[in-house]
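Worksheet: the structure to be examined is printed underneath.
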Amino acid sequence: MQALRIAVFLLFATLCNAAAAQPLYGIAMHGEPALPADFKHLPYVNPDVKKGGRISYGVVGTFDNLNPFILKSMRTTARGMWDPEYGNLIFEPLMVRSRDEPFTLYGLLAQTVEWDDSRSYIQFNLNPDAKWSDGPPVTPDDVIFTFQLLRDKGRVPFSSWLETIASIEKIGDHGVLVRFNEKGNRETPLIIASSLPILPKHATDPDSFERTTLGTPIGSGPYRVKSVDPGQRIVFERNPDYWGRNIPTKVGIDNYDQIAVNYFLQDTTVFESFKKGDLDIYQDGSPAHWQKAYNFPAVGAGAVVKETFTPKLPSGMLGFVFNTRRPIFADKNVRKGLALAFDFEWFNRNLASSAYTRTESYWQNSDLSSFGVPADANELAMLGPIKDHIDADVLDGTYKLPISDGSGRDRKILRKAVNFLKQGGYSIKGERMVDSTGRQLNFEIMTQNADQERIAIAYRRSLALLGIAVTIRTVDDSQYQLRTTNYDYDVIIKSYPSSLSPGIEQVGRWGSVAAKTPGSLNFAGVADPDVDMLIDHFLTAHSAEEFRDAVRSFDRILISGYYVAPLYHIAQQWVARRSHVAHPETLPLYGYQLPAWWDASAQ
């Protein structure tokens with residue numbers, strides 16, 4: 001009976017807090033929103049842009065589906081439906097993330113929100129003007145329907161995010177009150193607000209939701225699907241009746257009348273199509289290509305413009321990912337030996353025009369990085385016994401990847417690699433690296449394109465000196481998607497982008513549950529309670545200082561685990577564009593934002 005009284009009291013207190021909370025125009029993970037309540041537009045847009053014209057993008061891959069929220073569509077959905085790069089053209093979240101702040105949200109479908117200091121709940125107050133592309137208003141019933149549907153039938157991470165919800169209920173005509181359970185944390189309300197689409201209940205069939213479809217979807221976004229050429233091209237056209245074109249977070253955004261996304265089998269074909277004028281944007285990631293490939297007439301005539309942008313972002317991590325589900329990569333010493341064997345200096349000088357910087361932290365170039373920073377007393381206290389599982393040099397800030405002599409066969413470094421492989425049960429016999437049974441250490445690197453293959457060939461060259469047999473298999477996009485979804489690979493090359501506000505996405509990349517969930521982003525198969533604990537530390541941090549120390553600790557354990565053989569990063573973003581494509585002068589924290597660009601030739 002006493003327990004029942006306590007439960008009733010807590011529920012009453014929660015309801016009272018909800019009733020007393022003041023509506024907020026914006027919310028931030030730490031601190032307060034940078035923009036005032038009466039802001040007119042985001043700081044990195046041109047509010048006076050003349051909308052119109054068109055844009056044509058090119059991507060490598062294919063698609064067989066217009067539903068990006070189910071497992072069957074994993075990485076095969078047409079771009080633009082729900083897209084952080086090209087924009088959420090069809091479906092929209094409740095709130096919009098500002099790209100000029102670490103993690104701050106402003107209103108979209110939800111005009112305002114309410115929450116308590118502990119973030120045990122959030123109430124979304126929908127914009128009464130919000131409506132679907134076929135006319136009906138967006139209602140609390142749509143929000144409730146969406147959350148229940150994605151929880152039960154959506155793919156990760158959508159389904160896993162919704163497991164944090166204890167209850168959801170309609171409040172008045174426009175309110176939705178969401179309470180969180182013990183799985184929630186301080187970031188959870190922001191994830192629910194910004195990372196989940198809202199779907200129309202009246203136009204979504206739950207029974208067929210899990211099946212791929214090329215049927216024209218109904219959304220609340222600024223565009224509608226105009227045409228679909230399966231696997232080849234999708235074209236979006238502006239919805240002239242879009243409800244949100246004048247709200248502050250949408251001013252200066254979604255500026256084209258038509259957006260086309262074209263699909264190609266390989267990146268070289270994308271570039272050739274750009275050269276011919278069939279595409280308007282080419283995002284370049286190769287320093288050699290950026291320096292040497294733009295000698296075609298359109299560049300000299302000024303019809304193509306090359307631009308370099310420098311965002312204020314941490315480095316992220318690009319590297320060879322070891323699938324620890326495979327027995328040969330289960331031992332950390334083996335992974336460490338393999339990681340040390342990559343001769344970055346030889347690769348950078350001979351194959352990359354010395355354009356790259358070696359990556360030695362997942363948050364390099366930011367205050368969140370542990371690289372070169374010894375763990376202080378506060379961080380050590382936060383780590384507790386986990387500190388004993390972190391390499392000593394990583395803990396005291398002296399960790400650094402070895403710098404080779406650039407010869408491609410630096411014996412000193414190769415000897416270190418051999419020593420770690422020996423600790424992992426391997427030794428060299430007859431010029432072959434073998435285990436105790438005489439079986440040679442061998443594995444396959446699966447690549448997606450010529451650039452990845454080139455890196456893999458350089459790595460194989462170094463590993464061959466150690467008697468390790470490496471095969472390289474470049475597969476088409478559909479096969480790559482299938483194999484990565486099912487973790488059917490030994491080694492792949494992956495990029496882990498880093499933000500200034502890492503959060504729940506790290507659970508999907510490194511969490512133990514994700515390691516066993518098909519279609520997750522835990523490509524390395526990491527299932528370590530220490531990793532899970534350190535993720536929880538920064539998800540529950542209250543102050544900016546506590547958050548910084550928690551991310552540094554997490555950085556240290558990832559570095560010490562050698563789940564990835566680090567490659568390199570560049571500080572710039574390289575983009576070539578047709579001259580009629582224009583962009584705002586202000587560059588936000590996170591770099592250029594394609595949805596804020598426009599067609600200057602539009603009449």
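Laboratory data are not the source of any read-out in this text; all were calculated from the coordinates shown. Small disclaimer: the values here were computed from a predicted structure and weren't measured. Methodologically, a virtual Cβ is constructed for each residue, glycine included, from the backbone with ideal geometry; neighbour enumeration extends over all protein chains shown.
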Which aspartates and glutamates, on any chain, are close to residue 51 with Cα under 18 Å apart, when same-chain ones fewer than 8 places away are left out? 237, 241, 254, 257, 280, 585, 599
Please name whichever of 419, 469, 531 sits farthest to the positive end of the charge dipole of region 317-569, dipole taken about the Cα centre and charges placed at Cβ: Lys and Arg +1, Asp and Glu -1. 469
How much mean residue ellipticity at 222 nm does the chain get from its helices, if each DSSP H run of length 4 or more adds -39500 (n - 2.57) and you divide by all residues, to the nearest 500 deg cm²/dmol? -8000 deg cm²/dmol
Tell me which residues come under 5 Å, amide H to amide H, from residue 264 once H is placed; ignore anything under 5 positions away on its chain. 59, 60, 61
Label-point gap, in nm, between residue 216 and residue 265 - each point 7 angstrom along Cα→Cβ: 3.2 nm
Under-16-angstrom lysine pairs by C-alpha in region 317-569, whenever the two are 8 or more apart or on separate chains: 9
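Among 532, 388, which comes first, second and so on when ranked by fewest other beta-carbon atoms within 10 Å?
388, 532
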What order do you get for 489, 223 when you list them from fewest to most C-beta neighbours inside 10 Å? 489, 223
Packing-based order for 225-236, 435-446, using average beta carbon neighbours within 10 Å, highest first: 225-236, 435-446
Along the positive direction of the dipole of region 317-569 (beta-carbon charges: Lys, Arg +1; Asp, Glu -1; about the Cα centre), which of 361, 554, 438 reaches farthest? 438
Neighbour-count ranking for 167, 315, 286, 427 (other C-beta within 10 angstrom, fewest to most) reads 167, 427, 286, 315
Kindly express, to the nearest 10 degrees and within the range 0 to 90, the angle between helix 544-561's C-alpha long axis and the longest C-alpha principal axis of the chain. 40 degrees
Cα-based helix-to-principal-axis angle, 2-20 vs the chain, degrees rounded to 10: 70 degrees
Rounded, prolate or oblate: which fits the chain when a ≥ b ≥ c are the square roots of the eigenvalues of the alpha-carbon gyration tensor, with rounded for a/c under 1.5 and prolate only if a/b beats b/c? oblate
Nearest-20 debye value, region 317-569 charge dipole, Cβ charges on Lys, Arg, Asp, Glu: 1220 debye
Enter the angle in degrees (range 0 to 90, nearest 10) between the Cα long axis of helix 332-341 and the first principal axis of the Cα atoms of the chain, meaning the one along which they spread out most. 80 degrees
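Roughly how many debye, to the nearest 20, is the charge dipole of the chain about its Cα centre, given +1 on each Lys and Arg Cβ, -1 on each Asp and Glu Cβ, and no other charges? Intermediate values should be presented prior to the final figure.
Working: 63 positive and 69 negative charges, 369 e Å.
With only Lys, Arg, Asp and Glu charged at Cβ, the dipole is about 1780 debye.
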For region 32-54 and region 345-386, what is the separation of their Cα centres, given in Å? 35 Å
Once amide H atoms are placed 1.01 Å from N in the peptide plane, what residues at a sequence separation of 5 or more from residue 94, or on another chain, have their amide H within under 5 Å of its amide H? 196
Say the dipole of the chain comes from +1 at the beta carbon of Lys and Arg and -1 at that of Asp and Glu; which of 566, 68, 459 then lies farthest toward its positive end? 459
Report the label-to-label distance for residue 288 and residue 40 in nanometres (one decimal), using points 7 Å from each Cα along the Cα→Cβ vector. 5.0 nm
For the pair residue 241 and residue 129, how long in nm is the line joining their label points, each one 7 Å along Cα→Cβ? 1.6 nm
